[in-house]
Amino acid sequence: MKIGILVTGLPPEELSENGGYDAFFARLLGPQRFTFQAWHVVNGEFPSSIDDADGWLITGSKHGAYEAHDWIPPLEDFIRTAHQAHRPMIGVCFGHQIIAQALGGKVEKFDGGWSIGATEYEIEGRPVTLNAWHQDQVTALPPGARVVGSSDFCKNAALLYGDHIWTIQPHPEFESTYIDGLIDQRSKGVVPPDIVAKARAKLNTPIDSAMIATFMAEFFEKDR
């Protein structure tokens, strides 16, 4: 099965040895199970059609879904076309948000502030710990979306649309070492120091990325 990865952001240059965000998801989902092709939509590079891959994954980004970037409207059009065609799609962080916005929901800066580092959720009825890095949240659900994951901080942390779109706010693709690097490169003057301190204190917390990776792979592959 071929997964098309729509890359909506770039890691800090100082952390580029990890590869781009498409590489993060290729490692997470495993090349023995899928083939991958990336389109850097953040740079205006789009697939020719939804038929260019069997399933689609939209990555995280430093950008807000509500920001006025030239690549956001065509990305929303692509999402709506894939949704209408019942193509399997997964969105993570920004991907979670842009899918919700494209389908009629609302995304905004959460007045409760930031969530970074190891965070506890209930997802698909199970307790799960994953790394977060966000201030924006889906604050109003699109028609037809069902909440399948939440936390005390983020009530719309995972959403399901029918049986073909699944999205999640935290980052199963981010290991704690990468969160540590993001703290160094992107938190200063942006994330309050007390939140940074709490995230640093939890860097050794075990996270459930493997569990979510298995779920994501099975979601792509299941019969529809």
Based on C-alpha coordinates, I'd like the Rg and Dmax of segment 141-224, in Å. 15.6, 47
When all Cα-Cα pair distances of segment 78-204 are considered, the percent exceeding 25 Å is 25 percent
Using only the Cα atoms of segment 22-95, each taken as one equal point scatterer with no solvent, compute I(q) by the Debye sum, divide by I(0), and report log10 of the ratio at q = 0.11, 0.19, 0.24 Å⁻¹. -0.27, -0.84, -1.33
How many angstrom separate the Cα center of segment 163-224 from the Cα center of segment 82-140? 11 Å
What angle, in degrees between 0 and 90 and rounded to the nearest 10, separates the Cα long axis of helix 176-186 from the longest principal axis of the Cα atoms of the chain? 80 degrees
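Within 13 Å, Cβ to Cβ, of residue 109, how many net charges do the neighbouring residues add up to if Lys/Arg are +1 and Asp/Glu are -1? Could you put the intermediate results ahead of the total?
Working: positive: 106; negative: 67, 108, 111, 136.
Neighbourhood net charge equals -3.
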Computed FRET efficiency, Cβ-Cβ of residue 43 and residue 129, R0 35 Å: what is it to the nearest 0.05? 0.60
Crossing angle, helix 209-221 versus the chain [Cα axis fit, 0-90 degrees, rounded to tens]: 10 degrees
Taking the Cα atoms of the chain alone, what are Rg (to one decimal) and Dmax (as a whole number) in Å? 16.1, 47
Distance in nm between residue 10 and residue 224 label points, each 7 Å along Cα→Cβ, equals 3.2 nm
Subtracting the Cα-Cα distance from 0.36 nm times the residue separation, let me have the gained length for residue 77 to residue 188 in nm, one decimal. 36.5 nm
Counting other C-beta atoms within 10 Å, and keeping those with at most 15, which DSSP coil chymotrypsin sites (Phe, Trp or Tyr not before Pro) do you find in segment 1-96? 66
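How do 218, 124 rank when sorted from fewest to most other Cβ atoms within 10 Å of their own Cβ?
Working: 218 9, 124 14.
By the 10 Å Cβ count, ascending, the order reads 218, 124.
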Could you please report the charge total around residue 127, scoring K, R as +1 and D, E as -1 over all other residues with beta-carbon less than 13 angstrom from its beta-carbon? -4
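Readers should treat all values here as calculations from the given coordinates under stated rules, not as data from a laboratory. Predicted model, so just to flag it, every value in this text is computed and none were measured. For neighbour counting, all protein chains shown are included, and Cβ atoms are generated from backbone atoms with ideal geometry for every residue, glycine included.
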